[in-house]
1. Towards the positive end of the charge dipole of the stretch 171-278, with charges on Cβ (+1 Lys, Arg; -1 Asp, Glu), say which of F263, L195, Y217 has the farthest Cα.
2. Dividing the alpha-carbon radius of gyration of the chain by 2.2 N^0.38 Å (N being the number of residues), what value is obtained?
3. In percent, how large is the relative contact order of the chain, given Cα pairs closer than 8 Å and 6 or more residues apart?
4. Considering the options S162, P13, G28, tell which one lies farthest towards the positive end of the dipole of the chain, charges being +1 on Lys and Arg and -1 on Asp and Glu at the Cβ, about the Cα centre.
5. Mind checking the angle between helix 103-112 and the chain's longest principal axis? C-alpha axes, 0 to 90 degrees, to the nearest 10.
6. How high is the FRET efficiency between S88 and D129 when r is their beta carbon distance and R₀ equals 35 Å, given to the nearest 0.05?
7. Counting helices only, and only those DSSP H runs with n ≥ 4, report the 222 nm mean residue ellipticity of the chain as the sum of -39,500 (n - 2.57) divided by its residues, in deg cm²/dmol to the nearest 500.
8. Taking the Cα atoms only, what angle lies between the long axis of helix 221-239 and the longest principal axis of the chain, rounded to 10 degrees?
Amino acid sequence: MAKSTSNRIIATPSSYAREHYLYVQEVGTLQSLEPHISSRQNLNSFLFFIVLKGSGCVSYHDLSFNITAGDCVWLDCTKPYSHESSASDPWSLMWVHFYGKEAPCFYGNFLKQSCPFLFRPQNTIAFTDILHHLYQIHSSKPSLMELYANRYLTDLITLCFSAGLPESGESSSIPEKLKQVHDYLEESFAEKINLEELSSRFFISKFHLSREYKKIYGTTIGNDLASKRISHAKSMLRFSSASIESIALNCGFQDAGYFIKVFKNAEGMTPLEYRKKW
């Protein structure tokens, strides 16, 4: 007797997709009829699945976790893992195995931001919609199938990041403070700003602020501030006739020479060259 019923599509990506895209390896649905352990390791693959109904458990990093309807799991399949449906409450899943040259980097950044591989989003519809689209395009095989798959997988990863960020407990006040810091930098980038001033203004230690800001926003405060200043400078270069010295001062650079150096490092050309090109 069958232990489960499933609908799956096994995909073979083109060499171009392997080189440039995130791509689907398998995608499908599963309805478990009785307990059955699926166990794998050493696969160059990432598995994402969502429990639609029922319950079961997943084992990963030598730990076992009970999961129920509404839970999402994102696993690195190079590591040993297994999952098993409950005997009393068999589960139904939607899932995708995917890979791509950048996939390990995405997952590494996901973990660096303290996002858990097992999480429970407030809204599961966005996740199931993406999995449905992935299944449909690999079933109908439109001419741009692999490009669409790359888009949907990127959207899926983005959802994992947004849903997996910590929202409760001790860390709940930190993202709010970091948002205040982020908004302050957006509004006051032209002012003289340093870590000590931010620490005093927002009542948070320099070490904690620096570490948590990079964890949440993926960049240092200094780099984010420089990026905001450069973006504003680019706008002034394109849509005003202001001098380089004036633009430097308007964007928080106290010295035109330093502004030119920072701009060239960021854009690969001087401010005047950028103005001429754009």
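The values are calculated or read from the model by the stated rules, or taken from the named source; none is laboratory data. Because the structure is a prediction, the values reported are computed rather than measured. Reconstructed Cβ throughout: ideal geometry from the backbone, glycine too, with neighbour counts over all protein chains shown. Quick note on the areas: whole protein, heavy atoms, side chains included, nothing else; ligands and nucleic acids left out. Shrake-Rupley method; radii C 1.70, N 1.55, O 1.52, S 1.80 Å.
1. In the stretch 171-278, that residue is F263.
2. Working: Rg = 23.7 Å, N = 278, 2.2 N^0.38 = 18.7 Å.
Against the compact-globule rule of thumb, the ratio is 1.27.
3. Values: 423 pairs, mean separation 40.9, N = 278.
The value is 15 percent.
4. P13
5. Value to nearest ten degrees: 70.
6. Details: r = 30 Å, r/R0 = 0.85.
Once rounded, the FRET efficiency stands at 0.75.
7. Working: 11 runs with 133 residues, N = 278.
Estimated from H runs of four or more residues: -15000 deg cm²/dmol.
8. 60 degrees
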